[in-house]
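To start, the structure itself, in structure tokens.
The values are calculated or read from the model by the stated rules, or taken from the named source; none is laboratory data. Quantities reported herein were computed from a predicted structural model and do not represent experimental measurements. With ideal geometry, Cβ positions are generated from the backbone for all residues, glycine too; neighbour counts draw on all protein chains shown.
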Amino acid sequence: MYPLTFFSSLFGIEKDNHELCLTQYKSVTAHAPLVYMSLMLAVIGLAYVNMNNASAAVTIVMPLLLVLVDLIAFHSFMIQRDLNLSSYRSSVVRRLHVTVWSALALGVIHGGWVIILLAQGDAATQNLTVIIFSLSSLGAAICLLQLPVAAIALSVSAMSPLSLFLWFSGEPGHQISALAIAISTAVGAFAINRYGKDYSRMVMKQREVGAKKSEAEQISRLNRIMAHQDSLTGLANRRAFLSNINAQVADAQKGLMDGLSVGILDLDGFKLVNDVYGHPAGDRLLKSAGRRLTDLFYSRVFVARLGGDEFGIAVSGKRSQEELRALGERICSAMRVPFDLDGRSVHLGGSVGFARWTEVGDTAEILFERADYALYHTKESSRGAVTIFNDQHAARLREITVVDRQLHDADFDKEMSLMFQPIVSLGQQKTVGLEVLARWNSPALGIVTPDVFICSAERLGIINRLTASLLEKALRDAETWPDDLFMSFNLSMQDITSTAAVLKLVSIINSSGFDPKRITLEVPETAVMNNYERALDSLTLLKNLGVNIALDDFGTGYSSLAYVRTLPLDKLKLDRSFVVDLVRDAAARAVAGSMIEMCRSLNVDCIVEGVETGEQVRILNKLGCEIIQGYYCSRPLSAHDARAFVRSERQKKQAG
């Protein structure tokens with residue numbers, strides 16, 4: 001076997017290259033019938049041509065034996081061509097070797113028979129015999145081109161004896177033919193060998209192209225998976241979720257399914273846990289929450305992570321409000337079960353909003369928007385509960401859409417105005433500052449309350465532009481105030497999380513000429529908690545400008561006291577919710593007193609909002625409160641009335 005391996009490898013059988021060997025074997029097996037047909041036809045033709053010159057043994061018996069050999073070999077190839085040899089490397093190489101030796105043997109046998117014919121024939125039949133045999137051998141060799149060693153073995157073993165016989169015949173004409181056959185055979189062998197190498201390179205190139213194509217398809221498949229999968233939790237991502245509900249809505253519109261409900265879950269308290277324990281711990285928490293969600297449901301519920309701490313739930317089939325509420329409560333209950341975080345028990349909650357597909361006109365985008373609004377309503381009114389989008393919500397959502405459209409096109413300079421509410425020092429018994437309050441009088445909608453249009457501006461992404469316009473107006477009005485009166489101005493979360501917005505505010509203050517020390521910028525507690533690092537950078541920049549910083553609505557956003565201590569704060573504004581029950585609830589008085597004392601410990605001013613009665617003032621004064629704001633002092637006033645209020649107050653104080 002070793003000589004055979006050496007000989008075949010020399011001419012192109014690469015036993016270690018299974019793909020090439022398999023391709024060669026399949027090609028040779030497919031063309032083998034043509035090889036034997038060519039040889040059998042040549043045998044029959046040559047026997048007929050030499051019938052009158054050669055003996056019966058040479059023209060009848062020997063041709064029959066040759067045809068029988070060809071038929072047996074032909075039958076063997078016909079059987080083997082259907083065998084699956086893809087995984088049998090050694091079998092493929094062995095059969096290629098057998099093919100080479102078979103070609104060699106066929107060439108020798110047929111060539112030997114032709115020499116016998118030439119020895120018994122006359123000049124005319126000799127020439128015809130040489131031509132027929134040469135052409136048939138060439139045709140057979142061409143059929144074996146994909147296996148060069150077999151093609152060369154057949155042509156050389158068949159033509160070499162023939163050329164030698166003609167050369168040693170001594171006749172000049174035969175010698176010339178012998179020389180031509182030898183040269184043609186050598187050139188043919190060289191060409192076949194070159195073709196074999198080119199064929200081998202082509203097969204390997206195709207293999208390489210196929211491998212790259214397969215790799216590209218694999219990468220494309222992985223990209224498709226990654227494009228629709230959340231890398232953290234392994235759940236479907238926002239894109240896959242929207243695609244899923246789009247497909248289900250399309251089926252519902254065609255009547256292929258009887259309903260669909262879309263829900264959004266928001267984890268309550270996740271931000272605080274993420275800040276306290278770090279982002280890696282937060283990631284593990286999100287994975288655990290995702291597993292809990294998937295464990296709750298069966299095949300007709302599609303769960304996805306939408307981003308941050310929000311998850312999407314698509315429920316196939318028609319569901320009543322009671323069924324959806326029960327499902328939402330199961331989700332909330334599952335989220336309330338403590339999570340294990342490296343041995344620590346961590347408590348979260350969940351708020352859920354659901355929207356049901358109700359009519360053919362409902363699109364996936366509409367459903368998602370309704371579910372998002374239902375979630376927003378839950379978080380605003382009953383955090384940790386479930387809200388099912390209803391007709392009242394739809395009416396409110398339509399109003400919001402109208403407000404958004406009108407605000408987007410509003411002329412802030414013309415339509416926005418300012419009101420001012422006094423901030424009073426109990427110790428000095430006088431107004432020490434005025435808080436700027438924005439008002440919007442829309443030509444189309446009339447008076448729109450601040451809680452509505454501020455949320456709309458944040459939703460539309462135009463709050464920074466609105467803030468800049470209002471601040472310029474406020475600074476112009478404040479130029480007419482007494483020098484000992486400060487201006488308190490509210491910023492939104494987007495104002496302090498945008499570097500460009502903060503730099504714009506700095507530019508406005510610098511160009512106004514108003515003393516920055518008389519400016520107090522109020523930031524909502526929730527804004528600081530949502531992005532502490534960004535808020536700290538922005539507030540530090542503003543503080544370096546010389547302005548005062550106040551934390552608004554303190555006590556409503558679950559602030560970490562460590563964060564409050566590290567922020568560059570000058571004032572805390574205690575939310576009005578701590579004032580409501582001061583008169584009748586001792587616990588409320590204790591909480592308010594603790595917060596006032598905390599402000600004193602932190603060396604920051606405490607401003608209590610929402611003060612409406614003299615009794616509340618008396619209690620706050622007793623608790624050590626120094627500054628108050630609310631209807632007890634004054635309702636919001638126009639710029640003219642605010643100046644008159646301060647002037648009148650000071651005149652009375654001087655007179656008294």
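For the stretch 267-290, give me each residue that is assigned to a helix (DSSP H, G or I) and without any contact (Cβ under 8 Å) to a residue 40 or more places away in the chain. Those that are assigned to a helix (DSSP H, G or I) and without any contact (Cβ under 8 Å) to a residue 40 or more places away in the chain: 274, 279, 280, 282.
Among the residues of the stretch 506-542, the ones that are farther than 26 Å from residue 275 by Cβ and either assigned to a helix (DSSP H, G or I) or among the charged types (D, E, K, R) (or both) come to 11 in all. Name the residue, out of 216, 182, 211, that is in a helix (DSSP H, G or I) and within 28 Å of residue 123 (Cβ to Cβ). Result: 182 is the single residue among 216, 182, 211 that is in a helix (DSSP H, G or I) and within 28 Å of residue 123 (Cβ to Cβ).
In the set 423, 447, only one residue is touching a strand residue (DSSP E or B) at 6+ places or on another chain (Cβ under 9 Å) and either surrounded by fewer than 15 Cβ atoms within 10 Å (Cβ to Cβ) or basic (Lys, Arg) (or both); that residue is 447.
Looking across the stretch 296-323, the residues that are in contact with a helix residue (DSSP H, G or I) (Cβ under 8 Å, 6 or more places away or on another chain), among the charged types (D, E, K, R) and not in a strand (DSSP E or B) come down to 309, 319.
In the stretch 261-269, the count of residues that are of a type outside the set (Phe, Trp, Tyr) and either surrounded by fewer than 19 Cβ atoms within 10 Å (Cβ to Cβ) or not assigned by TED's automatic domain parsing to the domain that holds residue 334 (or both) is one or more. For the stretch 474-501, a residue qualifies if it is assigned to a helix (DSSP H, G or I) and either outside the structural domain of residue 459 (by TED's automatic domain parsing) or in contact with a helix residue (DSSP H, G or I) (Cβ under 6 Å, 6 or more places away or on another chain) (or both), and the qualifying residues are 475, 477, 493, 494, 495, 496, 501.
Per-residue answers, yes or no, for (1) outside the structural domain of residue 289 (by TED's automatic domain parsing); (2) surrounded by 18 or more Cβ atoms within 10 Å (Cβ to Cβ); (3) in a helix (DSSP H, G or I); (4) modelled with pLDDT of 90 or more:
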| position | (1), (2), (3), (4) |
| --- | --- |
| 353 | no, yes, no, yes |
| 370 | no, yes, yes, yes |
| 379 | no, no, yes, no |
| 383 | no, no, no, no |
| 395 | yes, no, yes, no |
| 401 | yes, no, yes, no |
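Could you say whether any residue in the stretch 583-601 is surrounded by 14 or more Cβ atoms within 10 Å (Cβ to Cβ), at pLDDT 85 or above, in a loop (DSSP other than H, G, I, E, B) and of a type in the set (A, V, I, L, M, F, W, C)? No, every residue in the stretch 583-601 fails to be surrounded by 14 or more Cβ atoms within 10 Å (Cβ to Cβ), at pLDDT 85 or above, in a loop (DSSP other than H, G, I, E, B) and of a type in the set (A, V, I, L, M, F, W, C).
Would the stretch 318-327 turn up any residue that is among the aliphatic types (A, V, I, L, M), under 16 Å from residue 379 (Cα atoms) and in the same structural domain as residue 278 (by TED's automatic domain parsing)? Scanning the stretch 318-327, I find no residue that is among the aliphatic types (A, V, I, L, M), under 16 Å from residue 379 (Cα atoms) and in the same structural domain as residue 278 (by TED's automatic domain parsing), so the answer is no.
Which condition from (1) closer than 17 Å to residue 107 by Cβ; (2) assigned to a loop (DSSP other than H, G, I, E, B) is the one that residue 164 breaks? So the condition that residue 164 fails would be (2).
Yes/no per residue for (1) under 24 Å from residue 627 (Cβ atoms); (2) modelled with pLDDT of 95 or more; (3) of a type outside the set (Val, Ile, Thr); (4) not assigned by TED's automatic domain parsing to the domain that holds residue 380:
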| position | (1), (2), (3), (4) |
| --- | --- |
| 521 | yes, yes, yes, yes |
| 524 | yes, no, yes, yes |
| 547 | yes, yes, no, yes |
| 557 | yes, no, yes, yes |
| 566 | yes, no, no, yes |
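The residues of the stretch 480-514 that are of a type outside the set (A, V, I, L, M, F, W, C) and touching a Gly at 6+ places or on another chain (Cβ under 8 Å), listed by number, are 488, 494.
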